[in-house]
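Everything on this sheet refers to the single structure shown next.
The values are calculated or read from the model by the stated rules, or taken from the named source; none is laboratory data. Fair warning: this is a prediction, and the values are worked out from it, not measured in the lab. Cβ sites come from the backbone with ideal geometry, for glycine too, and all protein chains shown count toward neighbours.
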Ligand code: SRM
Ligand code: SRM
Ligand code: SRM
Ligand code: SRM
Ligand code: SF4
Ligand code: SF4
Ligand code: SF4
Ligand code: SF4
Ligand code: SF4
Ligand code: SF4
Ligand code: SF4
Ligand code: SF4
């Protein structure tokens, strides 16, 4: 069959054609909302009109068939209108109150996971991992699945002091949200790259490779017509490997993950915050990464028990102090947690006022 | 007359011989103190013994004759015991309550300035200036005298929300306390140094000069056997001038002073803080620097009116926000106040939450 | 179709959370590529190592972005993933769909690719996961003819995204969906043809909640805000008082301490409010912003490579944000122009601002210095002055001498 | 004696604050050097420019520090200041004197120098302001024979100083005066013979009030603290309640919010107190620290050259500090040794720690990593691991597999 005529630079379709009539009518005129259950909420317009939203978890990797199943549900309960959230959940947009309960019931019958609204753990922002990225030191989807199996109560039923945003990145490029998440996992290499000097000169541009290194660890090795790496400076970021195939850094025994906590994005109460390193290394243990899961669960539990209502993880920690976070969680404090990069001076304590 | 035999490495005399008997007896056993007037306080020992302190301002530059006058007062009222404070005030150490009032009276009769205890402005930590330092872009003593003539009420009688620590430095070396003071003055050059290329090669070491520059603005000028300075990078610190006499940077029309605020050293309530730039430039106007004096006075007044009791200047500003400090004081916000040095990224605002 | 033994992945089909493995297998049942992707992934799991090669440059005619080339080192063992490129489809504003168009997207993808998707990628695109180079052109023809275009990749403007905003949220201070749409349309060339030093991302959030994480992940973080009082409905306050401790949960948590509540009446000293949204979100029926609406434009956020992550910095404290967005478009162009003039390869705009100094950037784009841009003023005395600066200071002093009044 | 016309300086004799000009003139009446210093300074004032030349190296035999060489460009016009070196006399701990010794100091200074002093310099020395090179040896002979030695200058240990501490303060957690004395004595060689890469300063403060500004101005900031509860005298609390608002002034200002006051009883949750001293200083009769005493050692503070000021960083959260200060002395030596091995010329120890990394420093001096040392953990993922680190992590994991219990 002949292909249709291609078009370029048309951009995305206009969203308006995808908005249910109730939204078209009340666009920009919402008055308030109420969270009904962790999986449903209602938005009330100035006009009195109402829109119900039912939120369902998604594994983000979706087969076309599953998308079709979701479409079928939307057709049955929402006149085909649905959306996805910025954390990749599915939202069914229901205009008719009577259809809310049946939808919820059918989702339950289909063993779908409904929740994530309010002070909960919602879906995990994550990355490609071994599924698709050359740079990955772990698999993101597997970590997410393992974590959320353990934490799914916090998605479906159990409230926390505030939203807890989780993220996973499969390398230090940190596609996604690791750098500003309540609790996040970043996969790390821990050993210097190896260089295949024979291939270097054909496959790599020396200045690019040298310039790619954040710590200036790479310098020319004229004898080998290649480069050499200073072991005191390399912190295994993999940037050189990204720009130069003969450099290899993957190492099954050494690659692992680190856990960072205390970041946020919203400006409520306190400014956005970066996540900070608390557990520097856990070995990669597919398929279930049991220690990673246990560590995340443990941090969530300690937070749940100690934070005040509305406090995000980082806000709670800043109130009690990082030294207290380490003592409350029992996490070992290691040299890795002490900043030794560009901004070390702003992270050291400059007062004798700390807690024992 | 023959000189006595010199001794070396004897170190300072042991302080014990200079302690009045009441201190020797109650050493380390003080129970509490009470501020009686801004110029006097009493310390009460566990034993019940008391020590009265009367504090007198000093211009720090003292002639030997004035020191002898101070000694005479100490002899008359304190059995010769006295001390100086870490901010260069004189403290008469009185053991006999009956002598306190007569000492205060005689100080008054001699027109001495008594005060500085409690939530006041105490003496100004300052530096050499034109009196003695080659590096000075202003005179520190003259600035201090001019400021304190205006502010002396806050030394002798008027209370503020908390102590206000002032400092003056005559160049960016900032000998003293400018970098962590409530309100401080630092003198600055504002124009690139000039180089006498003919003298350069005889009088300067090229690597030392190049290495002295914090912003790497200096590079070799092989043609002239000298160096050249990049005008986009030079910020007039004078470091090159310090290590190389043929480089001159003093400029009567351009040298001036900047005002920084909000620093502190103590750890009470909040951690020690650096002072921050609020007024980037005021021309040098000896002998009285009237605009500098007016600016400092103005900031003190706005602080006095707006801060809560016990709040230091920096604590007050951090509570209300820097944008509010600028609007309350009416000080122009200039490009100079935006950090463009190494730590810029930590000083920019990362949230839409500010006050209009 | 090859049948792979996948004990490790199988374990990930258990448990309550929806399983990506189930999805991969489901696609694999009908699709050779997806089937091989499962085997390939099991291999990664069992050897704890990835096998994807460095990306190659692939794409559709006339475009430079939108496709990520991907090849496996194990192409012989797993021929279905020998080529396994991803295609980024530009999502509609706010990720609103109808089942009809989603089905269409699926049908085309089943025809040309693996049947696997990411809905959505973390920049916001609808990501089609795995196809061969020769599929790209027909696939693009089919999608584009039905109104779908590619998103960004490489050194271009990346696919803009936005929060649901006025579509379903009472707090939207501007039309995030329309702004996202119009800006994406305006910069089609920049989106499709990489011509920058590096990527450039724009995200639109309707308020300080920042439901699209713009503050952390966008070179341009466009955050809705207002200039005006928070209106209080005291009757609703009373209702909230029945279910929450207003002093503990709201007043004490207000960052500027500009609220008070005496058990009867809630008061806000609006001039000291920094519009953080805490009180409003917790008492949405009682509290509503009022007055002029617009955005704060923050810039520069990004992931940690090269010298640590950045959060976006306030550049324009307030801008009106209304169609046709002329001011905003001009603003973005000016920023890109300066970036282009100053960036080294692979330098994001935030990094260039840091390297060249905020003044150089602000002067170039014509934005004056304002204390709203900073958290605190500089702490060091290493201050730059131009001759003009000093002349201005001196002129002011001369003026003061005349008037007898200082202007600090 | 030359009579200088000094209209500008004369103006600085007016006003309530004691005048340094009056002091200079007073010395100038009897002393040619001081007299010329006045004329010289008037010249600076009238031309808005200093005339001192770069310092030269002058000093006393066997010493490298303690004297700052100073010459004027205008030696012909003002011969009294052609040479105008300063001598730094090492002050006694806490700046305690008797009139007797002060008079002696004055008499010697009148004999050899300008009669002008700084009591004191901002490092703490008693600074004698202005003498000629040839006066240095006799002057030193006279002072040293009477028990006074020189302080530091150049790349040596600078004159240590301390707060008044147990001499007159109820809050001293250790004997600051004795520590300062003994440490100064211990390191006489380091004080007098510059052999470091740059200066090194030590300041002793008895508590977190830090009355000697150690946190901001010392390579070693030795700050007294305690491990134990704050004892509360509730009767005295009542007295304070009569004159102050305890909730507003104390409880609400407590940084850790570990206090409460119900109008009757003041309570402190001591385990959450960070010992900031606010409550204690405002209610000194009611509140007293108790338990073990010692110091927190912070390191590295300095003025802004080269890349901005530093405040001292917590290195040793707690150390006992008792005569003969063996542990502290050994600690300082270890730090200097590492500094010496690693510093470039004119690099302060704080700068070297920053350049080489805290770990390298802590490992060298044998101090373990502790969360008390940091304000917050690192934010970037650019983490160094040694092979031993990973081996240790793996060993822990193996152990955990055995016990079935994780130790994070
Ligand atoms: C649907 C979604 C927007 C979208 O366009 O897709 C959304 C929707 C709402 N957000 Fe959000 N937020 C959404 C992502 C975010 C994000 C972005 C992220 O997580 O990456 C943030 C910033 C997170 C951060 O700070 O790290 C975010 C921070 C908030 C906050 C601030 C919470 C706080 O106290 O810090 C609120 C206010 C609240 O919770 O009351 C909020 C409130 C809301 C409200 C109540 C707004 C409204 O009136 O409709 C919506 C339902 C709340 C809920 O889910 O609990 N939304 N919200 C996103 C749902 C993601 C999901 O599937 O879970
Ligand atoms: C005499 C002196 C120590 C010395 O060895 O010389 C001293 C003595 C006392 N200080 Fe101090 N401080 C002295 C310099 C300092 C400094 C250092 C400086 O200014 O360079 C500081 C740190 C300043 C800073 O943070 O920038 C200092 C911060 C304090 C504080 C904390 C104030 C605050 O709230 O931040 C207190 C507590 C208080 O005020 O109740 C205090 C309290 C005290 C007490 C009450 C301690 C006591 O019980 O004896 C003493 C009398 C208080 C007064 O003067 O108001 N002292 N005090 C110094 C007098 C300097 C002067 O002449 O004015
Ligand atoms: C697909 C996606 C992850 C995902 O699973 O969702 C992704 C995948 C990749 N990212 Fe990313 N990034 C993705 C969103 C992000 C984000 C999040 C965002 O946009 O909100 C970030 C952090 C924000 C930022 O821009 O800084 C991000 C920061 C990076 C970086 C670091 C950039 C930096 O300036 O620090 C790199 C490195 C690079 O560009 O070489 C990178 C590079 C890559 C590459 C192209 C790596 C490579 O060289 O091949 C990855 C291709 C994976 C693959 O094979 O499919 N990716 N990347 C996301 C794009 C999907 C989409 O279009 O919707
Ligand atoms: C006299 C004194 C100022 C005063 O009027 O009190 C002083 C005077 C000088 N200082 Fe200082 N500094 C003095 C205390 C300080 C302090 C404060 C302190 O010690 O508490 C500092 C800040 C703290 C610090 O150490 O960082 C200080 C930071 C500097 C610096 C910058 C050092 C740095 O690492 O950033 C320099 C520059 C240098 O060393 O070349 C410097 C250099 C100088 C020189 C030697 C400049 C020079 O190259 O000739 C000055 C000699 C002036 C003269 O002709 O007499 N002076 N200097 C202080 C010493 C008196 C004393 O011994 O008691
Ligand atoms: S985080 Fe790294 S490995 Fe993961 S998708 Fe992004 S670039 Fe690839
Ligand atoms: S892995 Fe990173 S730090 Fe190490 S050499 Fe390569 S680019 Fe440099
Ligand atoms: S601040 Fe500068 S000019 Fe003043 S005494 Fe110190 S080095 Fe000299
Ligand atoms: S004045 Fe300072 S910044 Fe300018 S060239 Fe000299 S050393 Fe460098
Ligand atoms: S960012 Fe604000 S306007 Fe947008 S969805 Fe979130 S709460 Fe609503
Ligand atoms: S929006 Fe934030 S700052 Fe404003 S009143 Fe509410 S809580 Fe306070
Ligand atoms: S630092 Fe503490 S112990 Fe020393 S004088 Fe000040 S208040 Fe007293
Ligand atoms: S010392 Fe400071 S932290 Fe401790 S109770 Fe008192 S005010 Fe609170």
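What the table shows:
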{"quantity": "Hits in region A:328-356 - residues which are more than 7 Å from chain D (Cβ to nearest Cβ), without any contact (Cβ under 8 Å) to a residue 12 or more places away in the chain and assigned to a helix (DSSP H, G or I)", "calculated": "A:346"}
{"quantity": "Per-region count, region D:179-222, residues out of contact with any helix residue (DSSP H, G or I) (no Cβ under 6 Å at 6 or more places or on another chain), surrounded by 24 or more Cβ atoms within 10 Å (Cβ to Cβ) and facing chain B (nearest Cβ under 10 Å)", "calculated": "11"}
{"quantity": "Criterion violated by residue C:13 - all others in (1) within 28 Å of residue A:147 (Cα to Cα); (2) touching a residue at least 24 places away in the same chain (Cβ under 8 Å) satisfied", "calculated": "(2)"}
{"quantity": "Any hit, region D:142-162, residues being in a strand (DSSP E or B), more than 30 Å from residue D:21 (Cβ to Cβ) and more than 7 Å from chain B (Cβ to nearest Cβ)", "calculated": "yes"}
{"quantity": "Qualifying residue in region D:231-239 (condition: crowded, with 20+ Cβ neighbours inside 10 Å and either in contact with a helix residue (DSSP H, G or I) (Cβ under 8 Å, 6 or more places away or on another chain) or within 22 Å of residue B:308 (Cα to Cα) (or both))", "calculated": "no"}
{"quantity": "Qualifying residue in region A:246-268 (condition: more than 11 Å from chain C (Cβ to nearest Cβ) and within 16 Å of ligand 1 (Cβ to nearest atom))", "calculated": "yes"}
{"quantity": "Of all residues making up region C:123-147, the number that are closer than 25 Å to residue A:123 by Cβ and surrounded by fewer than 24 Cβ atoms within 10 Å (Cβ to Cβ)", "calculated": "1"}
{"quantity": "Residue in region C:282-295 that is in contact (Cβ under 8 Å) with a residue 60 or more places away in the chain, surrounded by 24 or more Cβ atoms within 10 Å (Cβ to Cβ), within 16 Å of ligand 9 (Cβ to nearest atom) and more than 10 Å from chain A (Cβ to nearest Cβ) present", "calculated": "yes"}
{"quantity": "Qualifying positions in region D:102-141 - part of a loop (DSSP other than H, G, I, E, B) and closer than 14 Å to residue D:60 by Cα", "calculated": "D:132"}
{"quantity": "Odd one out for residue D:368 among (1) surrounded by fewer than 20 Cβ atoms within 10 Å (Cβ to Cβ); (2) assigned to a loop (DSSP other than H, G, I, E, B); (3) not assigned by TED's automatic domain parsing to the domain that holds residue D:207", "calculated": "(3)"}
{"quantity": "Filter result (more than 30 Å from residue A:349 (Cβ to Cβ), more than 16 Å from ligand 2 (Cβ to nearest atom) and surrounded by 14 or more Cβ atoms within 10 Å (Cβ to Cβ)) within region D:240-281", "calculated": "D:241"}
{"quantity": "Hits in region D:39-59 (condition: crowded, with 20+ Cβ neighbours inside 10 Å, in contact with a strand residue (DSSP E or B) (Cβ under 7 Å, 6 or more places away or on another chain) and more than 17 Å from residue D:195 (Cβ to Cβ))", "calculated": "D:40, D:51, D:52"}
{"quantity": "Matching residues in region D:312-349 - criterion: being within 11 Å of another protein chain (Cβ to nearest Cβ) and touching a strand residue (DSSP E or B) at 6+ places or on another chain (Cβ under 8 Å)", "calculated": "D:312, D:313, D:314, D:315, D:316, D:317, D:318"}
{"quantity": "Residue tally, condition closer than 28 Å to residue B:44 by Cβ and in contact with a helix residue (DSSP H, G or I) (Cβ under 8 Å, 6 or more places away or on another chain), over region D:265-278", "calculated": "4"}
{"quantity": "Residue that is nearest to residue D:306 (Cα to Cα), among those in region B:190-220 that are within 16 Å of ligand 7 (Cβ to nearest atom) and free of Cβ contacts under 8 Å to residues at least 60 places away in the same chain", "calculated": "B:214"}
{"quantity": "Among residues of region C:24-39, those that are more than 8 Å from chain A (Cβ to nearest Cβ), within 13 Å of residue C:9 (Cβ to Cβ) and under 32 Å from the mean Cα position of the chain (by Cα), counted", "calculated": "2"}
{"quantity": "Single unsatisfied condition, residue D:87 versus (1) within 32 Å of the chain's Cα centre (by Cα); (2) part of a loop (DSSP other than H, G, I, E, B)", "calculated": "(2)"}
{"quantity": "Subset of region D:9-23 that is more than 7 Å from chain B (Cβ to nearest Cβ) and part of a helix (DSSP H, G or I) - its residue that is surrounded by the fewest Cβ atoms within 10 Å (Cβ to Cβ)", "calculated": "D:10"}
{"quantity": "Pair list, Cβ under 8 Å, 6 or more apart: region C:153-178 residue without any contact (Cβ under 8 Å) to a residue 24 or more places away in the chain, other residue away from ligand 12 (no atom under 16 Å from the Cβ)", "calculated": "C:168/A:23; C:168/A:30; C:168/A:43; C:168/A:51; C:168/A:53; C:168/A:93"}
{"quantity": "Scan of region A:297-315 for residues that are in contact with a helix residue (DSSP H, G or I) (Cβ under 8 Å, 6 or more places away or on another chain), surrounded by 20 or more Cβ atoms within 10 Å (Cβ to Cβ) and not in a loop (DSSP other than H, G, I, E, B), ordered by number", "calculated": "A:299, A:300, A:303, A:313"}
{"quantity": "Matching residues in region A:272-293 - criterion: being in contact (Cβ under 8 Å) with a residue 60 or more places away in the chain and either at the interface with another protein chain (Cβ under 7 Å from one of its Cβ atoms) or assigned to a loop (DSSP other than H, G, I, E, B) (or both)", "calculated": "A:272, A:274, A:275, A:276, A:277, A:281, A:284, A:286, A:287, A:288, A:289"}
{"quantity": "Residues located in region A:117-143, provided they are assigned to a helix (DSSP H, G or I), more than 8 Å from chain C (Cβ to nearest Cβ) and touching a residue at least 60 places away in the same chain (Cβ under 8 Å)", "calculated": "A:143"}
{"quantity": "Residue within region C:337-344 that is modelled with pLDDT under 95 and assigned to a loop (DSSP other than H, G, I, E, B) present", "calculated": "yes"}
{"quantity": "Residues of region A:144-159 satisfying the condition of being crowded, with 24+ Cβ neighbours inside 10 Å and away from every other protein chain (no Cβ under 11 Å)", "calculated": "none"}
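Okay, residues lined up against (1) over 17 Å from residue D:312 (Cβ atoms); (2) in contact (Cβ under 8 Å) with a residue 60 or more places away in the chain:
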| position | (1), (2) |
| --- | --- |
| D:186 | yes, yes |
| D:200 | no, yes |
| D:221 | no, yes |
| D:229 | yes, yes |
| D:232 | yes, no |
